[in-house]
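Enquirer: Below are the structure tokens for one structure; questions will follow.
The values are calculated or read from the model by the stated rules, or taken from the named source; none is laboratory data. The structure presented is a predicted model; accordingly, all values stated were derived computationally and were not measured. A quick note on method: Cβ atoms are made from the backbone with ideal geometry, for glycine too, and the neighbour counts reach across all protein chains shown.
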Amino acid sequence: MEVAMSIRAFGVIATVCFGMLEFANIQGQEIGFDAPLAHFLGEPRMEVVKVFGDERFPNVVVTKEGTVLATWGSSKIRVRRSEDGGSTWGPEITIANKGIHGGGTIVNERNGEILVFVEDQHPPAPLNIYRSVDDGKTWESLDFVIHPDSKGRLPSMHMNEHGVTLTKGGHAGRLVRATRFYGEGNRPESLWPTHFTNAMYSDDNGKTWQTTEPFPDNGTGEATLAELKDGTVYYNSRRHWAPEGKNPRRRWTASSKDSAATWQNASIVEVLPDGPQNTNYGCMGGLVRLPCEGHDILLYSNCDDPSSRRNGTVWVSFDGGKHWPIKRLVEPGAFAYSSLNTGRAGTTTQGWIYLHYEHSGSRMAKFNLTWLLDGVLTGDGTVPASLSHQ
């Protein structure tokens with residue numbers, strides 16, 4: 001007989017089942033869905049539509065079927081689906097009647113399932129994970145276990161960019177999402193030096209999760225990650241506190257060579273702003289790697305303004321985040337939290353890049369790489385000659 005027990009610890013709720021447990025081994029065989037770069041080129045294209053009319057906290061993912069899912073909510077969690085590449089949107093579907101969006105929405109590239117993370121309130125708080133097995137049409141609560149890091153610390157979810165499925169190496173199929181640790185508490189600000197970002201990963205389709213070791217520097221908060229073509233996991237984080245001599249107003253990065261178990265080589269990205277530049281507080285940004293064969297093109301989104309959350313902008317890197325030579329303004333008005341993702345070859349989303357962002361509710365911009373290439377040079381590196389429009 002199996003016995004189920006609920007555990008609440010460090011703000012995380014999990015269900016542990018005692019008895020005979022059988023987890024699917026999904027590691028091993030690499031997953032390939034990179035497409036030709038040409039899919040994201042062609043004539044410049046850009047469109048913007050309104051998606052949600054209230055509340056906060058966006059993620060966007062594209063399912064294996066090519067459906068665009070916009071997840072959202074600060075008091076109840078909802079999703080809207082687009083089956084025509086983001087041109088029109090179906091009605092709101094409620095995932096959870098209460099709670100705060102934890103970010104990290106993941107499409108499982110092995111089986112097509114989608115996972116959404118919902119915390120009861122602003123964390124640290126109990127967590128629920130919801131799963132859809134029918135392309136985002138219906139949702140059910142998922143039983144899960146989260147194991148702490150090496151020092152017994154369990155993570156909080158809110159509010160991070162979408163998660164990913166690793167596609168390379170011996171851990172291909174691993175689900176990974178950015179998380180965070182609130183240290184001695186969220187407030188007052190004097191506690192921020194005890195905060196840090198981390199991540200958690202699952203090798204059994206989301207039933208069991210392992211918390212990674214911390215980001216190498218404290219004071220970091222909401223974060224993003226992407227897998228590069230060689231299997232390195234690139235990590236890009238908000239930072240709202242830094243010790244004297246280190247800049248908390250630009251983005252900070254690290255990387256993992258062990259499939260997101262540990263993080264090394266923390267450094268500042270001087271060209272990328274972390275929200276308005278008159279405050280250390282920062283702003284959640286979006287990040288995605290274009291799934292293009294033989295390339296490590298990364299996109300990053302945030303506000304590009306000296307004093308307010310406005311001027312939503314997307315930056316482009318052609319070398320896996322080492323340099324960011326071009327940027328383009330997407331939204332000249334209000335712009336706060338944002339999430340980026342890309343379309344899939346052979347579906348109505350092919351060639352599109354999606355940006356879900358806060359603006360009096362939320363908007364969804366969609367554009368292609370050619371449109372971004374008509375942006376402004378930053379002086380940080382160069383655009384490849386084969387792509388340069390300058």
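Enquirer: Output the residues belonging to the range 229-242 that are in a loop (DSSP other than H, G, I, E, B) and charged (D, E, K, R).
Expert: Matches in the range 229-242: LYS229, ASP230.
Enquirer: Could you list, in sequence order, the residues of the range 140-161 that are surrounded by fewer than 21 Cβ atoms within 10 Å (Cβ to Cβ) and either assigned to a loop (DSSP other than H, G, I, E, B) or in contact with an Asp or Glu (Cβ under 8 Å, 6 or more places away or on another chain) (or both)? Break it down stepwise before answering.
Expert: First, pick out the residues of the range 140-161 that are surrounded by fewer than 21 Cβ atoms within 10 Å (Cβ to Cβ): 140-143, 145, 147-153.
Scanning the range 140-161 gives ASP143, PRO148, ASP149, SER150, LYS151, GLY152, ARG153.
Enquirer: In this structure, is GLY343 out of contact with any His (no Cβ under 6 Å at 6 or more places or on another chain) and farther than 13 Å from SER301 by Cβ? Break it down stepwise before answering.
Expert: Numbers: out of contact with any His (no Cβ under 6 Å at 6 or more places or on another chain): yes; farther than 13 Å from SER301 by Cβ: yes.
So GLY343 passes the test.
Enquirer: Just checking, how many residues over the range 363-378 are surrounded by fewer than 17 Cβ atoms within 10 Å (Cβ to Cβ) and either free of Cβ contacts under 8 Å to residues at least 60 places away in the same chain or not in a loop (DSSP other than H, G, I, E, B) (or both)?
Expert: Number of matching residues: 2.
Enquirer: Working only within the range 59-108, note down all residues that are more than 22 Å from MET284 (Cα to Cα), touching a Lys or Arg at 6+ places or on another chain (Cβ under 8 Å) and either part of a strand (DSSP E or B) or acidic (Asp, Glu) (or both).
Expert: ARG81, GLU92, ILE93, THR94, ILE95, ALA96
Enquirer: In addition: Mind checking which residues of the range 379-388 are β-branched (Val, Ile, Thr) and either crowded, with 16+ Cβ neighbours inside 10 Å or within 17 Å of LEU329 (Cβ to Cβ) (or both)?
Expert: Start the filter on the range 379-388 by keeping residues that are β-branched (Val, Ile, Thr), which leaves 382-383.
Answer for the range 379-388, where residues must be β-branched (Val, Ile, Thr) and either crowded, with 16+ Cβ neighbours inside 10 Å or within 17 Å of LEU329 (Cβ to Cβ) (or both): just VAL383.
Enquirer: Applying the selection to the range 291-312, what residues are outside any strand (DSSP E or B) and within 8 Å of PHE335 (Cβ to Cβ)?
Expert: Restricting attention to the range 291-312, the residues satisfying the condition of being outside any strand (DSSP E or B) are 291, 293-295, 297, 304-309.
Residue satisfying the conditions is ARG309 alone.
Enquirer: Quick one: which of GLY245, GLY221, GLY183 is among the small types (Gly, Ala, Ser) and buried (at least 18 other Cβ atoms within 10 Å of the Cβ)? Show your work before the answer.
Expert: Numbers: GLY245 fails: buried (at least 18 other Cβ atoms within 10 Å of the Cβ); GLY183 fails: buried (at least 18 other Cβ atoms within 10 Å of the Cβ).
Every option except GLY221 fails the conditions.
Enquirer: Also, I was wondering about something else. What number goes with the only condition from (1) touching a Pro at 6+ places or on another chain (Cβ under 6 Å); (2) farther than 18 Å from PRO155 by Cβ; (3) of a type in the set (A, V, I, L, M); (4) part of a strand (DSSP E or B) that ALA226 does not pass?
Expert: Checking ALA226 against (1) touching a Pro at 6+ places or on another chain (Cβ under 6 Å); (2) farther than 18 Å from PRO155 by Cβ; (3) of a type in the set (A, V, I, L, M); (4) part of a strand (DSSP E or B), the one that fails is (1).
Enquirer: If I filter the range 113-131 for residues that are at pLDDT 95 or above, among the hydroxyl-bearing types (Ser, Thr, Tyr) and part of a loop (DSSP other than H, G, I, E, B), do I get at least one hit?
Expert: No, there is no match, as no residue in the range 113-131 is at pLDDT 95 or above, among the hydroxyl-bearing types (Ser, Thr, Tyr) and part of a loop (DSSP other than H, G, I, E, B).
Enquirer: Restricting attention to the range 272-290, does a residue exist that is acidic (Asp, Glu), modelled with pLDDT of 95 or more and part of a loop (DSSP other than H, G, I, E, B)? Steps first, please.
Expert: We begin by selecting, within the range 272-290, every residue acidic (Asp, Glu); these are 274.
Restricting the remaining residues to those that are modelled with pLDDT of 95 or more gives 274.
Next, from what is left, pick out any that are part of a loop (DSSP other than H, G, I, E, B): 274.
Yes; the residues of the range 272-290 include at least one that is acidic (Asp, Glu), modelled with pLDDT of 95 or more and part of a loop (DSSP other than H, G, I, E, B).
Enquirer: Name the single residue, out of those in the range 162-187 being small (Gly, Ala, Ser) and in a loop (DSSP other than H, G, I, E, B), that is farthest from TYR234 (Cα to Cα).
Expert: In this case the residue turns out to be GLY185.
Enquirer: Within the range 188-217, track down each residue that is touching a residue at least 12 places away in the same chain (Cβ under 8 Å) and either among the β-branched types (Val, Ile, Thr) or part of a helix (DSSP H, G or I) (or both). Talk me through it step by step, then tell me what you get.
Expert: Of all residues in the range 188-217, those touching a residue at least 12 places away in the same chain (Cβ under 8 Å) come to 189, 192-217.
The answer is GLU189, TRP192, PRO193, THR194, THR197, THR208, THR211, THR212.
Enquirer: Next up: So ASN341 clears everything in (1) surrounded by 23 or more Cβ atoms within 10 Å (Cβ to Cβ); (2) part of a loop (DSSP other than H, G, I, E, B) except one condition, right? Which one?
Expert: (2)
Enquirer: A further question follows. Checking the structure you have, find out if any residue of the range 42-55 is touching a Lys or Arg at 6+ places or on another chain (Cβ under 6 Å), small (Gly, Ala, Ser) and surrounded by fewer than 18 Cβ atoms within 10 Å (Cβ to Cβ).
Expert: no
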